[in-house]
């Protein structure tokens, strides 16, 4: 191949990668009581934590975090400014978390809304209702990568359909319905994937192209029941790297001790070599 043709091929390939991750979270609205903010700050300033994580993996600019201390203040902020993600701490004092989610979605249709609890006992009474009201529910476990994990999980969910079709980006499915467990697993999975991707690219290309190609890292998709796991498997089977699954999780609306085994059997019957 002559130099001009090589350059054109490189530019075309770079353009394809540059089109990845069209949805990027740039502004996060954090809604919490002053008490919860204090608990989070014990582990460091939130913005500083996020900046450090983005810098570690040589990612593009980190989102900014706007903090408000009440649901009413948050609804006002949504009317006045643009946000791509809302993170709500469980212990709001002036408005019910489910009611807040409904009002926020009415103001900003389609905006991802994530609930984060400081302690797992905060989720014991109304777990199912919270799950219906929010895109995801997490427990803050002191892990500095939690904010990065939430942001990337939301971005992956929005971008996965286009990115798999355009470039063939790979997909990993995590099947787990325990908030405590996936709040621990997901930061570990994202850290490992980003470290490997960064190591592969570190020596071979310039920093600008590296950041673009980091967008082509595998996407992580979370399924919390059998039906969602099967749906994701069939939708992205062509791009799957593997499935990580618990044994017990809901199936047909009820907890099933053998759901993971049945899921593995189904997947293996169609893709015998896929790692599970």
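Between 60, 73, which is modelled with pLDDT of 90 or more and either over 19 Å from residue 25 (Cβ atoms) or in a loop (DSSP other than H, G, I, E, B) (or both)? Outline the logic, then answer.
Numbers: 60 fails: modelled with pLDDT of 90 or more.
Selected residue: 73, the only one of 60, 73 that is modelled with pLDDT of 90 or more and either over 19 Å from residue 25 (Cβ atoms) or in a loop (DSSP other than H, G, I, E, B) (or both).
Examine the stretch 111-118 for a residue that is touching a residue at least 12 places away in the same chain (Cβ under 8 Å), within 14 Å of residue 70 (Cβ to Cβ) and surrounded by 22 or more Cβ atoms within 10 Å (Cβ to Cβ), and state whether such a residue exists.
Let us first name the residues in the stretch 111-118 that are touching a residue at least 12 places away in the same chain (Cβ under 8 Å), namely 111-118.
Going one step further and asking which of them are within 14 Å of residue 70 (Cβ to Cβ), we end up with none.
Among the residues of the stretch 111-118, not one is touching a residue at least 12 places away in the same chain (Cβ under 8 Å), within 14 Å of residue 70 (Cβ to Cβ) and surrounded by 22 or more Cβ atoms within 10 Å (Cβ to Cβ), which makes the answer no.
List the number of the failed condition for residue 19; all other conditions in (1) over 20 Å from the mean Cα position of the chain (by Cα); (2) at pLDDT below 75; (3) exposed (fewer than 15 other Cβ atoms within 10 Å of the Cβ) hold.
So residue 19 meets the others, but not (1).
Is it the case, given these coordinates, that residue 103 is at pLDDT 90 or above and closer than 24 Å to residue 159 by Cα?
Working: at pLDDT 90 or above: yes; closer than 24 Å to residue 159 by Cα: no.
In short, no.
I'd like to verify a number: residues in the stretch 156-175 that are outside any helix (DSSP H, G or I), modelled with pLDDT under 95 and buried (at least 21 other Cβ atoms within 10 Å of the Cβ), how many?
The total comes to 1.
Condition check ((1) at pLDDT 85 or above; (2) part of a helix (DSSP H, G or I); (3) crowded, with 18+ Cβ neighbours inside 10 Å) across all residues:
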{"site": "142", "(1), (2), (3)": "no, no, no"}
{"site": "147", "(1), (2), (3)": "yes, yes, yes"}
{"site": "154", "(1), (2), (3)": "yes, yes, yes"}
{"site": "177", "(1), (2), (3)": "yes, no, yes"}
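The values are calculated or read from the model by the stated rules, or taken from the named source; none is laboratory data. If you're wondering where the values come from, they're calculated on a predicted model, not measured in any experiment. Note: ideal-geometry Cβ built from the backbone for every residue, glycine included; neighbour counts use all protein chains shown.
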